[in-house]
Structures are given as structure tokens and as C-alpha cells.
Amino acid sequence: MPEALIIRRGFGEEQRQAAVSILWEAFAGKLGRVLRSREDAVKVLGPGPGLDPGHTVLALRGDVLLGVMALKDRSGEAMGASLRDYARTYGRLRGPIRLALLALLGEGAPANTLMVDALAVAAEARGQGVGGRLLGEAEAITTERGHRELALDVLADNLGAIRLYERNGYAITSSGRLWPPLSTLFGFTGYHRMTKPASDGRG
Ligand SMILES: CC(C)(COP(=O)(O)OP(=O)(O)OC[C@H]1O[C@@H](n2cnc3c(N)ncnc32)[C@H](O)[C@@H]1OP(=O)(O)O)[C@@H](O)C(=O)NCCC(=O)NCCS
């Protein structure tokens, strides 16, 4: 019998590199030009607050890491590498520029809202319900923290992910677009904000 899927909040230091690698693989298309390489992504998100266990949820089968969900709310965010981390990795001039570019992509979470900042499943484990289970944990956290809403941003052409979110009760509530040169740099134009009220009906 295959081992059960375990959803776990937080991670041990020995899982940090694998978690960053899964995030990198899933988002290299979008963030590759800015973060430059997997090694640099690991370097910048690797240490200390770069990837915060307090806002990260893992999906594991045995010891094998299959998926990562990075969360963000007013109390903090999973991917909160500092200016110092970027400067250390990319240099004192280029580091802040890269961080500023990334900041253009993501604003802070709205009040009373849990944002799924990134959802990434290892390529070989997709289509087995791992993403759906991670989203279920986001709902549990939303209720525990007393938030009213879940929210996420998804690229308009990521139809598979949009289907997954719709199946899990999210609906598109607004849309936006990037213009050149940012659209060229990040490799996309349109994106949607999808939201879902907290399941206890307070939303
Ligand atoms: C989107 C993603 C997290 C889904 O995780 P998952 O574990 O495969 O999801 P589940 O098994 O719970 O659900 C499967 C659904 O995911 C979607 N999906 C997207 N890409 C998929 C892929 N390569 N393989 C299988 N399903 C995929 C489909 O909608 C599928 O449902 P369908 O049967 O209606 O087609 C995963 O494909 C992934 O990491 N993709 C790359 C990163 C990404 O796009 N993240 C979302 C950005 S907001």
C-alpha cells in the first residue's frame, strides 16, 4: 500500500533546500529572470527568514517532499527574504533592484485575509490531489486565525491551476495585467485575483 500523504505545517532545516527547489521548479518560468538560477534562489530563500516555516505548509509521503504552499497574511509571509539576503546573493547594487522588481509583483495581504502566495507540487506528483490537500490546510489555517477570506493571484493562462482553484471554491474577483518592460521581464501579461470566503460563513 502506498504511504499516506502527510500535510505538515512548518519544516525542519533539513527540508529547507528541497522546499525551495520545488518552489523554484514550479515558478522558474515566471521568476527565472529575476532570481537567475536555482542556486541563487536557494541562496536567497535558503537562510533564516528567506523561507519562514511559520507561514509554510509541506506535503510529504514518508520523507519525500511532494509539495509546498507559501502563505502570507498581516502577521508575515513565507517568502520574506530581506534586502540583505538579496544583496548577499546578487550584489549590493543588483540585489536591491531584483528585490524591488519582485515587490512590484506582490503587494501585502489585505486585512483579515490569508493569501496563498505560492502553491507548488513536484512535477512527478501532480494530478494526485496533493495541491487540493494543501489548499484544504489553508482553509483550516484561515478559520483558526479568524480571517474572513482566502485569496491568491494566478496567471491568466494557467488554466489547470485556475480549474483546481475553482473546484476548491475560489472565484475570480478581479484581474490585472503587466505592461512592458515588466511583462517581458516576468514573461506574462494577465493575472487574476481569486478569492473564497472563510468556511464558517463570516465572510
Ligand atoms: C497547480 C498545481 C499546484 C496543482 O497541484 P496538483 O497536486 O497537481 O493538484 P491536484 O492533483 O490537487 O489537482 C489536479 C488539478 O491541478 C491542475 N493541474 C495543473 N497543472 C497540472 C499538471 N501538470 N498535472 C496535473 N494537474 C495539473 C488541473 O486543474 C488538475 O485538475 P483537472 O483534473 O481538472 O485537470 C501543480 O500543477 C503545480 O505545482 N504547478 C506549477 C506551479 C503552479 O502553476 N502553481 C499555481 C500558481 S498560482
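Quick note: the coordinates plus some simple rules give every number you see, no bench work behind them. Note that the structure is a prediction, hence the values are computed from the model and not measured. Because the Cβ atoms are built from the backbone with ideal geometry, glycine has one as well, and the counts that use them run over all protein chains shown.
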In nm, what is the difference between 0.36 nm times the number of residues separating Ala4 and Asp63 and their Cα-Cα distance? 20.1 nm
Nearest-0.05 FRET efficiency for Arg84 and Leu185, computed from C-beta distance (R0 22 Å): 0.40
Between segment 52-101 and segment 118-134, what's the alpha-carbon centroid distance in Å? 19
Dividing the alpha-carbon radius of gyration of the chain by 2.2 N^0.38 Å, where N counts its residues, gives 0.99
What GluC sites (Glu not before Pro) does segment 65-148 have in DSSP loop regions with at most 10 other beta carbons within 10 Å? Glu107
Subtracting the Cα-Cα distance of Ala100 and Arg145 from 0.36 nm times their residue separation yields 13.2 nm
In segment 84-138, the trypsin sites (Lys or Arg not before Pro) that fall in loop regions by DSSP, at most 14 other Cβ within 10 Å: Arg92
On a straight-distance basis, which lysines could pair with Lys43 in a cross-link, Cα separation under 22 angstrom, same-chain partners fewer than 8 positions away excluded? Lys30, Lys72
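What number, in percent, do you get for the relative contact order of segment 5-197 if the mean sequence gap of Cα pairs under 8 Å and at least 6 apart is divided by its residue count? Could you put the intermediate results ahead of the total?
Values: 328 pairs, mean separation 40.4, N = 193.
Relative contact order comes out at 21 percent.
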Can you compute 3J(HN,Hα) from phi for each residue in segment 89-99, using the Karplus curve 6.51 cos²θ - 1.76 cosθ + 1.60 with θ = phi - 60°, rounded to whole Hz and x for Gly and Pro? 7, 10, x, 6, 9, 6, x, x, 5, 5, 5
